[in-house]
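Engineer: Structure in structure tokens, see below.
The values are calculated or read from the model by the stated rules, or taken from the named source; none is laboratory data. Bear in mind that the values here come from a model prediction, so they are computed numbers and not experimental data. When we count neighbours, we look across all protein chains shown, and the Cβ atoms used for this are built from the backbone with ideal geometry, even at glycine.
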Amino acid sequence: TSDKDKNILNKIDLQHISQSKAEFLNVNDSMFAVKEHFLTSVQTFIPIVNEENQVVGIVYLDNVRSMLLNDFKLRSTTIRQIMNQVTTVDLNDNMVHVIKLLDTLDLNEIIVTQNKVLIGYVTKLKILEVYRENLKSLRIE
């Protein structure tokens, strides 16, 4: 039943499954920093933060891929110009809310914050893996 699904999802603690090693850039960094990030990271997105580490945007590799090999474009473009609005969840949000956001916005990952400060991110895949593990443990008992 859907209540059972909600109960299993809400038992998942966002703090325990979020990836806290999210690589991020400051809104004042150069586009060359964006290029370096995508050349050396497995992340296909970059959370963009301000001086207080509050998330102010996000840059997706797919949106900037064509400009990464063009030094002129990199020099003449700022992160502010290319970053997208970002949807975040709070570390204390319940997992049903997180999954609904991921589904509604068709996202594979979502940024996790606490008091608007970047904590990390969580992927839909990780949530579903933990959900399946919890479901299996219920069937065994």
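Engineer: Among I48, I12, which is the only one that is buried (at least 19 other Cβ atoms within 10 Å of the Cβ) and modelled with pLDDT of 95 or more?
Structural biologist: Of I48, I12, the one residue that is buried (at least 19 other Cβ atoms within 10 Å of the Cβ) and modelled with pLDDT of 95 or more is I48.
Engineer: Out of the helices (runs of 4 or more DSSP H) lying entirely within segment 1-118, which hold 3 or more residues that are of a type in the set (K, R)?
Structural biologist: In segment 1-118, no matching helices (runs of 4 or more DSSP H) lie anywhere.
Engineer: For the structure I just gave you, tell me whether T123 is hydroxyl-bearing (S, T, Y), under 17 Å from the mean Cα position of the chain (by Cα), surrounded by fewer than 17 Cβ atoms within 10 Å (Cβ to Cβ) and closer than 23 Å to D13 by Cα.
Structural biologist: Yes, satisfied.
Engineer: Which of the following residues is of a type in the set (A, V, I, L, M, F, W, C), buried (at least 20 other Cβ atoms within 10 Å of the Cβ) and in contact with a strand residue (DSSP E or B) (Cβ under 8 Å, 6 or more places away or on another chain): V64, V117, V86, V55?
Structural biologist: So the residue among V64, V117, V86, V55 that is of a type in the set (A, V, I, L, M, F, W, C), buried (at least 20 other Cβ atoms within 10 Å of the Cβ) and in contact with a strand residue (DSSP E or B) (Cβ under 8 Å, 6 or more places away or on another chain) is V55.
Engineer: For a quick check of your reading of the model, give me the residue pairs whose first member lies in segment 9-24 and is of a type in the set (S, T, Y), whose second is in a helix (DSSP H, G or I), with beta-carbon atoms closer than 9 Å and at least 6 apart or on different chains.
Structural biologist: Within 9 Å, the pairs are S18/K126.
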